[in-house]
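**Student:** This is the structure I have questions about; it appears just below.
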Amino acid sequence: MAPLFPADPLSCAEIAQRCQADGEFMLGAQYWDGGYRIQVGDALTGVAIKAGQVVAKIPEPGSGVISLAGPAEVWEPMLQTVPPRLANTVSVMIGHGLTLEADPLLWWQYLPATERLIELLRTPGQPAPQQVPALRASGEHDSATGHYVHVELDGHDHRIYYEEAGHGIPLLLQHTAGSHGVQWRHLFENPTITDRFRLIAYDLPFHGKSLPPTSRRWWEEPYKLTGNFLRQVPVAMADALALDQPAFMGCSVGGLLALDLALHHPDRFRAAIAVEGALHIGGDYESQFGMSHPQVNGLSKARMMEGLCSPTSPRPYVKEVSQAYSAGWPPVFLGDLWYYLVDYDIRDRAHEIDTARCAVHIMNGEYDYSGSIKKGLAANQAIAGSTHTAMDNIGHFPMTENPELFMTYLEPILKSVSENS
């Protein structure tokens, strides 16, 4: 196999040209003095960056330089037009054959530029149709209507924002860690759902339009989301809105919560749909420091979320995922990961879930390296009577990144919920 990067200085020029012509990369490299050293087998290439401007030469190792190295067989899948699962994101390939030399803080600061650089090195071509539905006419409204409702959580009044559309079986919708209910917006515009279900997407406290409580000094406390608090929210929302045995669907943190509710509150919900669900995620919480470091802006955690999406999902929708993340209160994503990585673990109790009392449906996307298909299948095997759906060509945020494809997987589950209600 010929080296992907021949030892020819023109390869540096080609990389520099691609970077200079790409607005996303140039924005990600702002204010940087350093650059990249990229080694594929014995071939070395790279670009230097001076005050955010790209220079066609390989920088010397040292401060401000990010070095990525690995054999050609590791780089080959990463540089395909449509890379396979895991190979679609540099962050995951480090430790899977790719080695990194860089200051940890520098890595976090320029993660958006690094991920974009690898995309620019891929074989030219569009991995998927980039079309999204046509814009609506000026003055036309979407279906969702927004409200605020007051609920008591841990003895404090919380003003919770939610949006709703449709009629029929109530379906509470829980967003992912660090984001908010806008993630479900596409479902609100689908009459095949809203003709049967009353969709209710809420923002957790501290997220989106749900402000913190005014009755405690929350700004003096580290924010960490726990299961004891999180489980209260959908129950309190169901009470406040007088919902009769609603169904529940959540994604990521919400997908774990779905199984948590089936375990702890099986008589309150007729069904729990766990999108990217698992019995346990686990991981090194402390290594995620860049999610809330004062010298790392919100674009880095947002760009990392794009690595959880399928490369075949429409680019505008993938960017919608990351924009919502970059707009959040800085501590909230890392704080939510406390529940996701540390607090949540039902491996020893999953067998207690009674699907005759609360139906359980588990869904996992092919490109989700976190709530993976393997972890979803383990949950399915542990919970008697549950169903499992493996979603090809989709990632961690199916309802946002590729809503049309997601609907093909979701519809049989919604049909089951409506027929068994």
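**Student:** Looking at the chain as a GNM with Cα springs under 10 Å, which of Leu256, Leu27, Leu106 has the largest mean-square fluctuation?
**Tutor:** Answer for the Gaussian network model of the chain: Leu27.
**Student:** Between Glu73 and Asp354, what is the label-point separation in nm under the 7 Å Cα-to-beta-carbon projection?
**Tutor:** 5.3 nm
**Student:** Note the count of lysine pairs whose C-alpha atoms are less than 26 angstrom apart in the chain, limited to pairs 8 or more residues apart or on different chains.
**Tutor:** 11
**Student:** Convert each backbone phi in the stretch 276-293 into a coupling constant with the Karplus relation 6.51 cos²θ - 1.76 cosθ + 1.60 (shift: θ = phi - 60°), then list the ³J(HN,Hα) values in order as whole Hz, x for Gly and Pro.
**Tutor:** Rounded to whole hertz, the list is 6, x, 6, 7, 6, 9, x, x, 8, 4, 5, 6, 8, 4, x, 5, 9, 8.
**Student:** Measure out, as a whole number of angstrom, how far apart the alpha-carbon centroids of the stretch 246-267 and the stretch 187-214 sit.
**Tutor:** 15 Å
**Student:** Run the quick spin-label model on Lys319 and Asp42: label points 7 Å from Cα toward the beta carbon, then report their separation in nm to one decimal.
**Tutor:** Here the answer is 4.2 nm between the modelled labels.
**Student:** Could you list Cys19, Cys309, Cys12, Cys251 in order of exposure, starting from the residue whose Cβ has the fewest other Cβ atoms within 10 Å?
**Tutor:** Fewest-to-most ranking of Cys19, Cys309, Cys12, Cys251: Cys12, Cys19, Cys309, Cys251.
**Student:** I need Thr99, Thr89 ordered by Cβ neighbour count within 10 Å, fewest first. Before the final figure, lay out each step's value.
**Tutor:** Details: Thr99 13, Thr89 24.
Taking fewest neighbouring Cβ atoms as first place, the list is Thr99, Thr89.
**Student:** In what sequence do Ser416, Ser287, Ser300, Ser252 fall when counting other Cβ within 10 Å, fewest first?
**Tutor:** Numbers: Ser416 15, Ser287 10, Ser300 23, Ser252 29.
With the fewest neighbours first, Ser416, Ser287, Ser300, Ser252 line up as Ser287, Ser416, Ser300, Ser252.
All of the numbers you see were taken from the coordinates with simple rules; none came from a lab. What you see is a predicted model; the values in this text were computed from it and never measured. Backbone-built Cβ (ideal geometry, glycine too); neighbour counts: all protein chains shown.
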